[in-house]
Amino acid sequence: MQSEAIVYLARKLGWTLDRIGLLTPEQLNDLLAEVHYQEIVEDWKADLRAASIMATILNCTPRKDRKVYKATDFVGSFPKREGMKMEELARRKGLKVPKYRAVKED
């Protein structure tokens, strides 16, 4: 499994095997999880575009039931991250995450 993960990251990120070899096992697992999540999001967005077309066609087709379909009826909601939230992960690693504050324009 470890060698498959290294080759997968090398292919996806374009990193050399030497660079990937500098990662700790924990960093390797975290990076794999993030790359996998990003792929899921990209696939979901592509599926959402196709589902929008399907919903439009279905909504324009005369039917007895007048249900209005949305693209998310076909592909579900936006994919959620598995595991803990970024803030919790940063806290466990001893990092401080900056809080977002909206800037008011005068």
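The values are calculated or read from the model by the stated rules, or taken from the named source; none is laboratory data. Please read these numbers as outputs of a predicted model, since none were measured by experiment. Neighbour counts are summed over all protein chains in view; Cβ atoms, including those assigned to glycine, are modelled from backbone coordinates with ideal geometry.
Numbers at a glance
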| read-out | value |
| --- | --- |
| Residue list for region 54-73, restricted to those being among the polar types (S, T, N, Q) and either within 21 Å of residue 11 (Cβ to Cβ) or surrounded by 13 or more Cβ atoms within 10 Å (Cβ to Cβ) (or both) | 59, 72 |
| Residue selected from region 23-53 under the condition assigned to a helix (DSSP H, G or I) and β-branched (Val, Ile, Thr), by the criterion surrounded by the fewest Cβ atoms within 10 Å (Cβ to Cβ) | 53 |
| Close pairs (6 angstrom Cβ cut-off, 6 or more residues apart or separate chains): assigned to a helix (DSSP H, G or I) in region 54-65, charged (D, E, K, R) and surrounded by 10 or more Cβ atoms within 10 Å (Cβ to Cβ) anywhere | 55/70 |
| Scan of region 1-22 for residues that are under 21 Å from residue 82 (Cα atoms) and not in a helix (DSSP H, G or I), ordered by number | 1 |
| Any hit, region 68-91, residues being outside any helix (DSSP H, G or I), among the charged types (D, E, K, R) and modelled with pLDDT of 90 or more | yes |
